[in-house]
Amino acid sequence: MLAVTLGLPGLPERQAGLRAGGLYWLTCESQETADRLCRQVIAGLSGSTRALLVNAAGSVRELLAGLPEEQGPGRLGLFDLRPRPPVPLIQALLKDVPRVGEGDRALWLIRVSLKDWDELVAESLADWCRRAQAWLASVGSALLVIGDQPPPALLDILLRHNDCISGLGQVYIGQGERHLLQHFWRGDAGISGPHDYLMPREGEGFRVLPRPEAEEGTPTADDQRQVLAQAEVLGGEALPTPLWQLFTDVAELLDQALAAQAATVVFALGSSDDIPALASHLHQLRKHCGRSLKLAVREVLPCLRQNDEQLLLANGANLVVTAAAPFLRFLALLRSIQGQRWQRVLAPEPSAVLMRLRPLPLRGSLSPRAFAAAVKKMTDNTAGTEVRNQLLRLQPLPALDGEQVLQQMQLSRDGDLACVAGGRVYLFLFACSSSALDAALRNVFRLPWQELLEGYETVTPYSVLPGAEFQSDSIPTASATPVEPQAAAPDHEAFQALRPKRIGLSTLEERP
């Protein structure tokens, strides 16, 4: 009998087991999550288990790097499959996997990238699933496919073919938390329907937690329609209704809000320096007043970065409205949260969320070793959140070397770092979405970046930072000298004009 599970602590047996003859799919929101899940599944297998790992998204040995020798199955076969377009890859799996020897009564684990798996693959994928299930039944094995970055169409395709799939799970980010949604799962313990769990990080892997239980109904409260707000949120506009009560002192607003049950409380935000205190106020109200209280923040002057917004939401806010939203839009958004209950998991202390979602107090050029340590720290801190960071490998023009490229950088935000490692230039941008990359590079370089670079590629920290080139303590001569802000207004989402400072590894080590 094949006795294997997903190896996720906290996941009930009915949703964790993989039966012989079963084909299972797990789609993940990022490459890092998919790789960690692969390692966790392999590490959780018993010594009496036989397993085979096929990596079609990179090197199988790099995927398992750092896995302790005492963990994992008694016999583990490793195979690399060259990355290729979806349909040729499906055909290669169809042809090659059944030909591998010693695959009887074993767990097969296939790691793939699902980025372009749309409706064009539907017919080939359906044929592969049917034939794979028949083959698995004949050899008494189970097969788990773990993929990253699936397009929405892929889940629809897989759900349509649930007759030849034993289980389908989806890892996604929602409400600032990582979730595991199992659409259906068939194991030796039976069949289970949709289940949505929280899936926070635990060590090098993950664990599973039940979502907070929703209370029965929304309690009726006399203050449901009341709005308590700082006067600044109106921006000089007239009072919307007599149900609004304005406060010029935030302490008075807090005192009144602590006695509320289901009212709407609106704070004004005009400076990034006020964010930690505001996060603490939100956390206090959410913890004291419960989930029915509506907490909103209106940015009155542009100061919010992507991670700051997530910080406020994680500490209790139902809604954060940017300064770009007109007043009537702000009122419409406030109406949209009426009757809404806050659904996130509240951290025991706001400082815990603050440490995760704010960058290290570092900026500028670093040695490769310090750069790798800082990037890993910030990447780990924001894993499982909606904060997106970018690690870029820059390609200078042939006439320029790495030092010259660094001299043209003005890294003015905490968390924005650069280094030259192994002759290559790396740039890390904290809390920067892929859609904001062009605006980011315009602010990072004194000259248009196209005059300095042939291009750049986005790389993942866990795939490049363990390399030998990041073991050097050599600090580049081009470092963060003070520069004046650009004449053009910077993109306020992520790139405000600050003054760079020189930093070193000791600064990183002092942070707890």
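The values are calculated or read from the model by the stated rules, or taken from the named source; none is laboratory data. All values reported here derive from a predicted model rather than from experimental measurement. Cβ: placed from backbone, ideal geometry, glycine included. Neighbour counts: every protein chain shown.
Structure values in brief
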| item | result |
| --- | --- |
| Selected residue (only one of LYS287, LYS294 is surrounded by fewer than 18 Cβ atoms within 10 Å (Cβ to Cβ) and of a type outside the set (S, T, N, Q)) | LYS287 |
| Hits in the stretch 393-449 (condition: in a loop (DSSP other than H, G, I, E, B), of a type in the set (Lys, Arg) and either in the same structural domain as ASP308 (by TED's automatic domain parsing) or over 18 Å from ALA374 (Cα atoms) (or both)) | ARG446 |
| Residue within the stretch 371-388 that is over 25 Å from GLY467 (Cα atoms), part of a strand (DSSP E or B) and not assigned by TED's automatic domain parsing to the domain that holds PRO200 present | no |
| For ARG344: the one exception among (1) free of Cβ contacts under 8 Å to residues at least 60 places away in the same chain; (2) under 18 Å from GLN306 (Cβ atoms); (3) not assigned by TED's automatic domain parsing to the domain that holds SER472 | (1) |
| Matching option when the condition is outside any loop (DSSP other than H, G, I, E, B), at pLDDT 90 or above and not aromatic (Phe, Trp, Tyr), among LEU76, LEU89 | LEU76 |
| Within the stretch 420-453, considering residues that are touching a strand residue (DSSP E or B) at 6+ places or on another chain (Cβ under 7 Å) and without any contact (Cβ under 8 Å) to a residue 40 or more places away in the chain, the one nearest to ARG358 (Cα to Cα) | LEU427 |
| Boolean, ARG84 is within 29 Å of GLU119 (Cα to Cα) and either in the same structural domain as THR33 (by TED's automatic domain parsing) or assigned to a helix (DSSP H, G or I) (or both) | yes |
| Residue that is surrounded by the fewest Cβ atoms within 10 Å (Cβ to Cβ), among those in the stretch 404-429 that are of a type in the set (A, V, I, L, M, F, W, C) and out of contact with any Leu (no Cβ under 8 Å at 6 or more places or on another chain) | LEU406 |
| Candidates PRO448, PRO466 - the one that is modelled with pLDDT under 90 and surrounded by fewer than 18 Cβ atoms within 10 Å (Cβ to Cβ) | PRO466 |
